[in-house]
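Engineer: Here it is, the structure, as structure tokens.
The values are calculated or read from the model by the stated rules, or taken from the named source; none is laboratory data. Note that the structure is a prediction, hence the values are computed from the model and not measured. Using ideal geometry, Cβ is built from the backbone for each residue, glycine included, and neighbour counts are taken over all protein chains shown. SASA here: full protein model, heavy atoms, side chains in, ligands and nucleic acids out. Shrake-Rupley method; radii C 1.70, N 1.55, O 1.52, S 1.80 Å.
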Amino acid sequence: MAKKDYYEVLGVNRDASEEDIKKSYRKLAMKWHPDRNPDNPKAEEHFKEAKEAYEILSDGQKRAAYDQFGHAGVDPSAAAGAGGAGAGFGGFADAFGDIFGDIFGGGRGRSSVYRGADLRYNLEISLEDAARGTETRIRIPAMEECATCHGSGAKAGTSPTTCPTCQGHGQVRMQQGFFSIQQTCPRCHGSGKIVASPCPTCSGAGRIKQHKTLSVKIPAGVDEGDRIRLSGEGEAGVNGGPPGDLYVVIHLKPHPVFTRDHNDLHCEMPISFTAAALGGDIEIPTLDGYAKIKVPAGTQTGQMFRLRGKGIKGVRSSSHGDLICHVAVETPVNLTSRQKELLAELEAINQKDGGRHNPRARSWMEKVKEFFAQ
């Protein structure tokens, strides 16, 4: 299969400058490197094409021969780099070193500018505030730009000087054989600057620890673990870098009546022994006030009653959840003599026709008898 035009491979014009060719290659090398595309079998092929094109077009003599004679005018073995340390390999290593510099924040002619760290704030709110939404104020510690030196780290009347070790690049480059290894400058620690007279307020750091108060809007429907991002409210950047973000993580306080399950609410509904036996209307609480439900006669502990739309409308939901009431039949305590007499009379009546009045108990006793009869 015929080889592709090298200019077409790199996506540049035939009159492209050396810098344009290098820039395009670096972009393609980062995009198609096999380590970054483990699941794409064609990535290695694209990577090799870009490498071969760059090794030819980055060399003045080879580029001139290619422009005049095409692929026939260049040495295939040298272009492909298959013969060991070919002439084009040094250019590849140099460009690939620049790629690693880009990935890890370095690069030639560039001081180390770092984005500020993101911060996390845990905020406890009530179930009612989570359901309806609210606005609150929080006070957080953060590293802010020093107001005395305006982030330079230098004492008033002075300014940082260019690091003589790395010449302001923030990186030092070491040559090991065919590979060029780039490291953070040990003298300026990547800043590219040396502060001879540190600012007394921040001791040369350019940042100081302060507290700030922020207003946070809590949208209706937030749930446990939801995050609210406040852009640019994290720590200040280094060497003029952008600030980080603040993430407010929502935690719900325990509620005395309800527990939340996504958009549904659950509550336990204790009812008296007589109310469960006779049935009737019972008033129960919701987040919007009281509501009535009809409890049928003979209601048992554990039965559930669902009130549609009485739950919570989540942040990403189109409708409200439900309120689910769990019945707990309460046995009476602290009985008077008269109450005991009445209950004893009721029990005597029940014993005459237990299968009718207490079907579950009768069924259970029959199972017990069958078990011991085996």
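Engineer: With a 10 Å radius around each residue's Cβ, average the other Cβ atoms per peptide and rank 224-230, 330-336, 5-11, highest first.
Structural biologist: Descending mean neighbour count gives 5-11, 224-230, 330-336.
Engineer: I've got another one for you. So which lysines pass the test for K313, namely a Cα distance under 23 Å, with those fewer than 8 places away in the same chain ruled out?
Structural biologist: Hits, sequence-local ones excluded: K217, K253, K292.
Engineer: In whole percent, how big is the carbon plus sulfur part of the accessible area of the stretch 123-248, probe 1.4 Å, protein atoms only? Don't jump to the answer; show the numbers that get you there.
Structural biologist: On the way: 3390 of 6950 Å².
Exposed carbon and sulfur together represent 49 percent of the surface.
Engineer: What are the ³J(HN,Hα) values, in whole Hz, obtained from phi via the Karplus relation 6.51 cos²θ - 1.76 cosθ + 1.60 with θ = phi - 60°, for each residue of the stretch 32-44 in sequence order, with x given for Gly and Pro?
Structural biologist: 9, 4, x, 5, 8, 9, x, 9, 10, x, 8, 4, 5
Engineer: Sticking with this structure for a sec: Between the stretch 9-40 and the stretch 268-313, what is the separation of their alpha carbon centroids in Å?
Structural biologist: Spelled out, the Cα-based centre of one part sits 68 Å from the other.
Engineer: Which residues' amide hydrogens lie under 5 Å from the amide hydrogen of D261, considering only partners 5 or more residues apart or on another chain, with H built in the peptide plane?
Structural biologist: Under 5 Å from the amide H of D261: H266.
Engineer: Give, in nm to one decimal, the length gained when the segment between S159 and S319 is fully stretched (0.36 nm per residue of separation minus the Cα-Cα distance).
Structural biologist: Here the segment from S159 to S319 would lengthen by 51.6 nm.
Engineer: Give me the number: length gained by fully extending M30 to S203, i.e. 0.36 nm times residue separation minus the C-alpha to C-alpha distance, one decimal in nm. Let's see the in-between values first.
Structural biologist: On the way: separation 173, 0.36 × 173 = 62.28 nm, distance 3.92 nm.
Result for the pair: 58.4 nm of gain on full extension.
Engineer: Hey, can you rank 143-154, 274-285 by average C-beta count inside 10 Å, highest first?
Structural biologist: Numbers: 143-154: 19.5, 274-285: 14.4.
Per-residue mean Cβ counts within 10 Å order the peptides as 143-154, 274-285.
Engineer: Would you mind calculating the relative contact order of the stretch 121-202 from Cα pairs under 8 angstrom and at least 6 residues apart, reporting the percent as a whole number?
Structural biologist: Values: 92 pairs, mean separation 23.8, N = 82.
This gives 29 percent for the stretch 121-202.
Engineer: Follow-up. Could you run the Debye sum over the Cα atoms of the stretch 231-293, one equal point scatterer each and no solvent, and tell me log10 of I(q)/I(0) at q = 0.19 Å⁻¹, two decimals?
Structural biologist: The computed values of log10 I(q)/I(0) come out as -0.86.
Engineer: Show me, for the stretch 155-162, the HN-Hα J-couplings you get by feeding each phi into the Karplus relation (A = 6.51, B = -1.76, C = 1.60, θ = phi - 60°), rounded to Hz, glycine and proline as x.
Structural biologist: Result, ordered by residue: 5, 4, x, 10, 8, x, 10, 5 Hz.
Engineer: Show the residues, 5+ positions off or on another chain, whose built amide H is closer than 5 Å to the amide H of A154.
Structural biologist: C199
Engineer: With a probe of 1.4 Å, find how much accessible area the stretch 139-228 has per residue, and write the answer as a whole number in Å².
Structural biologist: Working: 5280 Å² over 90 residues.
For the stretch 139-228, the per-residue accessible area is 59 Å².
Engineer: Please list, in chain and number order, the residues 5+ apart from G190 or on another chain whose amide H is under 5 Å from its amide H, with Hs placed from the backbone.
Structural biologist: Amide H to amide H, under 5 Å and 5 or more residues apart or across chains, G190 pairs with C185.
Engineer: Normalised by the number of residues in the stretch 175-290, what is the relative contact order in percent for Cα pairs under 8 Å and 6+ residues apart?
Structural biologist: Details: 79 pairs, mean separation 15.1, N = 116.
Taking the mean separation of contacting Cα pairs over the length of the stretch 175-290, I get 13 percent.
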